[in-house]
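The values are calculated or read from the model by the stated rules, or taken from the named source; none is laboratory data. It should be emphasised that the depicted structure is a prediction, and the values quoted were computed from it without experimental measurement. Counting neighbours? That spans all protein chains shown, and the Cβs are built from the backbone with ideal geometry, glycine included.
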Protein chains: 4
Amino acid sequence: MKDRLHQLLDNCIEKGSEVDLTALVHVLEGFQKKIDKEYTQYIDGLLHMERKIDRDKKTCEITVPLNDVWNNSLAIVHGGITATILDTTMGTAINAILPEGYGAVTNQLNIHYIAPGIGDSLRCKAEIIHHGSKTVVISGEAYRSDGKKIAYATGTFFIIQK
Amino acid sequence: MKDRLHQLLDNCIEKGSEVDLTALVHVLEGFQKKIDKEYTQYIDGLLHMERKIDRDKKTCEITVPLNDVWNNSLAIVHGGITATILDTTMGTAINAILPEGYGAVTNQLNIHYIAPGIGDSLRCKAEIIHHGSKTVVISGEAYRSDGKKIAYATGTFFIIQK
Amino acid sequence: MKDRLHQLLDNCIEKGSEVDLTALVHVLEGFQKKIDKEYTQYIDGLLHMERKIDRDKKTCEITVPLNDVWNNSLAIVHGGITATILDTTMGTAINAILPEGYGAVTNQLNIHYIAPGIGDSLRCKAEIIHHGSKTVVISGEAYRSDGKKIAYATGTFFIIQK
Amino acid sequence: MKDRLHQLLDNCIEKGSEVDLTALVHVLEGFQKKIDKEYTQYIDGLLHMERKIDRDKKTCEITVPLNDVWNNSLAIVHGGITATILDTTMGTAINAILPEGYGAVTNQLNIHYIAPGIGDSLRCKAEIIHHGSKTVVISGEAYRSDGKKIAYATGTFFIIQK
């Protein structure tokens, strides 16, 4: 495994451009954070997520530095990555208020894309709209580093016993 | 840059578990495919996307091998990753039928999650519902390797001049 | 009550235009169908819904004659009325396949409006996407009398015990 | 036409129950308001809509008295009627801030149904999320007379020249 990893990195270094290798540093730094147990999930590490949870206000905020790695062919952040951060922010906000042993799974997600995702970072906020016995309805917003809102989402999450 | 990359990999190898390193091989193999110009976008490489476009039927199909890297805390594929593959499949289907110089950007995305994303791979299909002069409405479906449908999506895309 | 009704009708006849009174005939004919037990719900009567249910194919089709009564200020059928017919079509398709004593309630409804609702009538079709133990995901389409698709919807319905 | 109207009303009075005739009073009173030019659209009259527009805050509020006429087979307000009031509230809020000669048409509507629509009335509020050059993204909420939120909606509206 180790040899395979070194071989892969050598290939990348040999053929990759400056831009490629800068992107690869970003990926490996993120991966290392997961290995260092800063995160429980690889995705959270790869995206370098920074979370703030406010249990009293029932809100969650996640900030992610933007990087070429997550761009689509128009050189803006891929809508699916915005969806990933929004979904994580909404799920985290819900999990923060559920009792021990319960979790939330996305049942339905609706996203309005408003402006191109560019700049240094993306900040997502989630706010609970309705907390029922079986489902939670929640909204999420994504902002660029210049303060412009780039997406507005709502989701229905099912409450499950883990 | 090269030293930094080697150092990062050594750190990962030193502290990472067998599972971590298997996941890292998956990530680096995907990254290398982008460097090898098999893909234009890093995400497509990281996800090891395999595309089939049928211009006559106006459909697109993308298959992605599943991997721990893309799982959420419930050990199923993250809903945002399913969204990413669906969005790419839908966008690719639309781009395939647009004239030279035009592209599609997601304006609105709606996803119903139906079953947990587990198994070997995820296969997404897109089908155009309405092709207007300014917008395209399209549906997308995601299937597991056992054939079970795990998500159904619809999206509105804006047609833009690149 | 009877006097009040006669008084209201006399007022309408006195002040109403030809267009108003034609619209009122449409409304009263629909209302009478409910009183004649052709329908169980007033809305279904007011909209003069014609239903076709195919239990084998798990589909439902509802056709509604268009009328000024249901138009918005742009002289096209109100998006909420299209939503009403789509929601009824989807709910009816689900109820048709549920066991005795069970019913379906809309949890989430998503509609893409594609073309203006004009012409003689609106025909809606629903098709089940996923039939789970607690929820059903379903799609619905609305067509004008000239065959043009004017809306595409998906919905999540909860299965409840009546 | 007048004879036909009288004949229809007589039929309704002859065969209708007390509940039917109370519902019919509600319908005719609403229709009369349109004839009396209190409203420009029949639907707005039939639903007895009361509008409050705050151009400074860019919000709109519409209240509708509930009535058997608008119920589904579960004896709660039909989801499509909630959609109709939400759509009208959102469209009215947008039209209130557009320049003379411009109007808004619904392109996409997404509704989360949260609680059954029962009680005396339904109050809907709309708030603009994003005002672009071609589209407006807006949210809408529906409340029962006991204050409970029964639905949360978002919509994309296209700005058109009338």
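Flag: B:Leu109 does not match the condition of being within 24 Å of A:Glu141 (Cα to Cα), in the same structural domain as B:Thr156 (by TED's automatic domain parsing) and assigned to a helix (DSSP H, G or I). The set of residues from region B:3-32 being more than 26 Å from the chain's Cα centre (by Cα), over 20 Å from A:Asp20 (Cα atoms) and facing chain A (nearest Cβ under 7 Å) comprises B:Asn11, B:Ile13, B:Lys15, B:Gly16.
Scan region B:117-134 for residues that are within 8 Å of another protein chain (Cβ to nearest Cβ) and either in a loop (DSSP other than H, G, I, E, B) or surrounded by 22 or more Cβ atoms within 10 Å (Cβ to Cβ) (or both) and the total you get is 1. Scanning region B:113-143 for residues that are of a type outside the set (A, V, I, L, M) and farther than 18 Å from B:Thr88 by Cβ yields B:Pro116, B:Gly119, B:Asp120, B:His130, B:His131, B:Gly132, B:Ser133, B:Lys134, B:Thr135. Restricting to region A:33-62, and then to whatever is touching a His at 6+ places or on another chain (Cβ under 9 Å) and touching a residue at least 12 places away in the same chain (Cβ under 8 Å), can you tell me which residue is nearest to B:Gly16 (Cα to Cα)? So the residue we want is A:Lys33. Taken across region C:85-104, residues that are touching a helix residue (DSSP H, G or I) at 6+ places or on another chain (Cβ under 7 Å), assigned to a strand (DSSP E or B) and away from every other protein chain (no Cβ under 11 Å) do not occur at all. Of the listed requirements (1) assigned to a strand (DSSP E or B); (2) over 29 Å from C:Gly132 (Cα atoms); (3) facing chain B (nearest Cβ under 10 Å), A:Ile150 misses just one: (3).
C:Ile118 meets each of the listed conditions (1) closer than 28 Å to C:Val19 by Cβ; (2) of a type in the set (Val, Ile, Thr); (3) free of Cβ contacts under 8 Å to residues at least 12 places away in the same chain apart from (3). Looking only at region B:40-58, decide whether some residue is closer than 23 Å to C:Asn110 by Cα and either aliphatic (A, V, I, L, M) or surrounded by 17 or more Cβ atoms within 10 Å (Cβ to Cβ) (or both). Scanning region B:40-58 turns up no residue that is closer than 23 Å to C:Asn110 by Cα and either aliphatic (A, V, I, L, M) or surrounded by 17 or more Cβ atoms within 10 Å (Cβ to Cβ) (or both). Conditions: (1) touching a helix residue (DSSP H, G or I) at 6+ places or on another chain (Cβ under 9 Å); (2) surrounded by fewer than 22 Cβ atoms within 10 Å (Cβ to Cβ); (3) within 26 Å of D:Thr88 (Cα to Cα). C:Trp70 meets all but one. Number of the miss? It fails just one condition, (2). Going by the structure shown, is D:Asp68 farther than 28 Å from A:Val136 by Cβ, of a type in the set (Asp, Glu) and assigned by TED's automatic domain parsing to the domain that holds D:Thr156? Taking the combined requirement at face value, the residue satisfies it. Take region C:80-99 and flag every residue that is in contact with a Cys (Cβ under 7 Å, 6 or more places away or on another chain) and without any contact (Cβ under 8 Å) to a residue 60 or more places away in the chain. Within region C:80-99, C:Ile85, C:Thr89, C:Thr92, C:Ala93, C:Ala96 meet the criteria.
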